[in-house]
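**Student:** Below you will find the structure I want to go over with you.
The values are calculated or read from the model by the stated rules, or taken from the named source; none is laboratory data. Treat the numbers as computed from the prediction; the structure is a model and nothing was measured. A quick note on method: Cβ atoms are made from the backbone with ideal geometry, for glycine too, and the neighbour counts reach across all protein chains shown. Heads up: the accessible areas ignore ligands, DNA and RNA and are worked out on the full protein's heavy atoms, side chains in. Shrake-Rupley method; radii C 1.70, N 1.55, O 1.52, S 1.80 Å.
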Amino acid sequence: MEELKKYIPVYLRICRSLALYFSFLSIFGISYLFSGFVKLSAAVLLPLVFHSTVRVFGETDKKLVELALAYRSEKDIHHCMPREMLRLILTSKDMLLELGILLALPIIFPIELGFSPFADLLFGAISSRTLKKLLTLAIVLPVFFGLWLFARYSAFFWIAYRERDDEIHFVRHLILKLLGIGIVYNLGALLIIYSLEIFATAFRVLLLFFSLYFWLTLILVIAIVAFFLSFRFLRACRIRRKFLGRLKLLCFEIGATLSPIKRPYRSLLFLRDEVNFTVRYNEKTYHCKLFCALKRHTPLFFSQHGIVQCLHSFRFRRVEYFRYTTQFDFSFEADGSKMLIVNPVPKELYAGSTSFYREIDTGESIGAYKVFTATGFLGALSRNVLDR
């Protein structure tokens with residue numbers, strides 16, 4: 001009996017993996033039915049339903065929860081390391097057993113169990129059933145592996161860094177989430193039926209317009225792409241212009257002397273060793289340099305040596321997949337108080353570096369500099385407390 005007990009976790013993992021696979025097939029089959037058996041919808045629904053099902057089962061997996069919470073106890077949100085998370089997932093025996101079962105089941109079961117629409121869409125001209133299955137598996141298995149890893153990582157990150165630490169009721173959470181994705185994909189399948197014809201009509205209209213007005217269409221496309229690429233820069237220019245307007249008005253109201261503002265928008269793209277403007281008030285001189293964060297979710301880390309690090313990360317649905325750091329020299333020479341004004345400002349400002357830091361508020365000193373947000377600088381200037 002004692003010998004058998006050690007195999008109970010393995011048995012439970014097998015049962016859980018089978019439940020995951022057949023839940024995926026059920027949701028996919030019903031969604032495919034709602035789509036009116038349109039084969040193109042199978043190619044869209046199959047990977048989406050598989051990823052969502054694995055993600056839901058991952059969020060309610062006690063073993064994954066243990067791994068994620070143990071990881072969180074050692075790391076904080078700014079020490080998130082995707083490679084380390086992936087290593088923990090791929091070295092877990094429970095995770096690998098589940099992956100092996102999910103990849104083995106499409107091989108064991110006939111292709112008609114879930115994959116015939118996908119196979120017919122891609123290899124409908126092939127008469128050999130065996131060859132059709134082999135070709136389908138050659139595509140499905142690598143895709144399933146990538147989606148499984150993507151979903152498991154997403155669930156790991158969600159567990160490790162979710163904002164609330166309420167206890168997860170695993171069974172209720174699993175059932176509600178499965179019902180939710182079932183409803184979403186069934187409604188999505190219905191939309192596919194009507195969307196395909198709409199998109200086809202719109203595509204034909206665009207082709208006709210393109211053939212008649214080639215240069216106009218090309219200019220329009222370039223203009224749209226340029227707008228989306230420059231959206232953050234235009235937003236930053238608007239915020240910077242608003243700050244400078246408020247600064248000039250405040251200096252006029254309190255009787256402060258504001259020097260000419262040198263290249264106020266260049267720091268939105270390039271940082272140079274120069275003072276942007278000087279404020280003289282109550283016989284004191286404040287040398288000010290402008291800095292910016294084009295993205296609200298890019299934390300800034302200011303060191304006392306005049307170096308600022310920007311932590312960039314790629315996220316999807318609040319899950320981070322990779323990150324990288326850039327750094328700039330914000331130091332400058334001046335006789336008097338040196339102010340660094342961050343405008344636009346991100347949600348998080350820190351003193352130190354990405355490996356060792358503390359959160360700061362507006363007006364805190366970092367080495368020879370005082371770091372302000374635009375609102376904080378205007379408020380401190382109006383109260384004459386810039387030196388405090």
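**Student:** Checking the conditions here, which among L86, L48 is touching a Phe, Trp or Tyr at 6+ places or on another chain (Cβ under 9 Å), within 30 Å of R172 (Cα to Cα) and open to solvent by 60 Å² or more (accessible area, probe 1.4 Å)?
**Tutor:** One residue alone meets the criteria, L48.
**Student:** For segment 349-369, give me the residue count where each residue is over 24 Å from the mean Cα position of the chain (by Cα) and either outside any strand (DSSP E or B) or of a type in the set (G, A, S) (or both).
**Tutor:** 9
**Student:** Scan segment 219-252 for residues that are open to solvent by 50 Å² or more (accessible area, probe 1.4 Å), touching a residue at least 40 places away in the same chain (Cβ under 8 Å) and under 23 Å from G379 (Cβ atoms) and jot them down.
**Tutor:** Answer for segment 219-252, where residues must be open to solvent by 50 Å² or more (accessible area, probe 1.4 Å), touching a residue at least 40 places away in the same chain (Cβ under 8 Å) and under 23 Å from G379 (Cβ atoms): R235, R246.
**Student:** Scanning for something open to solvent by less than 30 Å² (accessible area, probe 1.4 Å), under 17 Å from K370 (Cβ atoms), touching a residue at least 24 places away in the same chain (Cβ under 8 Å) and of a type outside the set (D, E), does segment 258-265 turn up at least one residue?
**Tutor:** For segment 258-265, residues open to solvent by less than 30 Å² (accessible area, probe 1.4 Å), under 17 Å from K370 (Cβ atoms), touching a residue at least 24 places away in the same chain (Cβ under 8 Å) and of a type outside the set (D, E): absent.
**Student:** Might you let me know whether segment 271-284 holds any residue that is acidic (D, E) and closer than 17 Å to F330 by Cβ?
**Tutor:** Yes, segment 271-284 contains at least one residue that is acidic (D, E) and closer than 17 Å to F330 by Cβ.
**Student:** Within the set of pairs 6+ apart or on separate chains, which have a first residue in segment 101-129 that is closer than 14 Å to V140 by Cα, a second that is open to solvent by less than 50 Å² (accessible area, probe 1.4 Å) and assigned to a loop (DSSP other than H, G, I, E, B), and C-beta atoms under 7 Å apart?
**Tutor:** Sorted first by the residue in segment 101-129, then by its partner, the pairs are P106/F115; A119/I111.
**Student:** Have a look at A151, A119, A138, A104 and point out the one that is open to solvent by 50 Å² or more (accessible area, probe 1.4 Å) and hydrophobic (A, V, I, L, M, F, W, C).
**Tutor:** On the way: A151 fails: open to solvent by 50 Å² or more (accessible area, probe 1.4 Å); A119 fails: open to solvent by 50 Å² or more (accessible area, probe 1.4 Å); A104 fails: open to solvent by 50 Å² or more (accessible area, probe 1.4 Å).
After applying the criteria, what remains is A138.
**Student:** Still on this model: Tell me, which strands (runs of 3 or more DSSP E) wholly within segment 236-346 include 3 or more residues that are within 17 Å of L386 (Cα to Cα) and modelled with pLDDT of 90 or more?
**Tutor:** Details: elements: 277-281, 284-291, 300-302, 307-316, 319-329, 337-342.
In segment 236-346, the matching strands (runs of 3 or more DSSP E) lie at 277-281, 284-291, 337-342.
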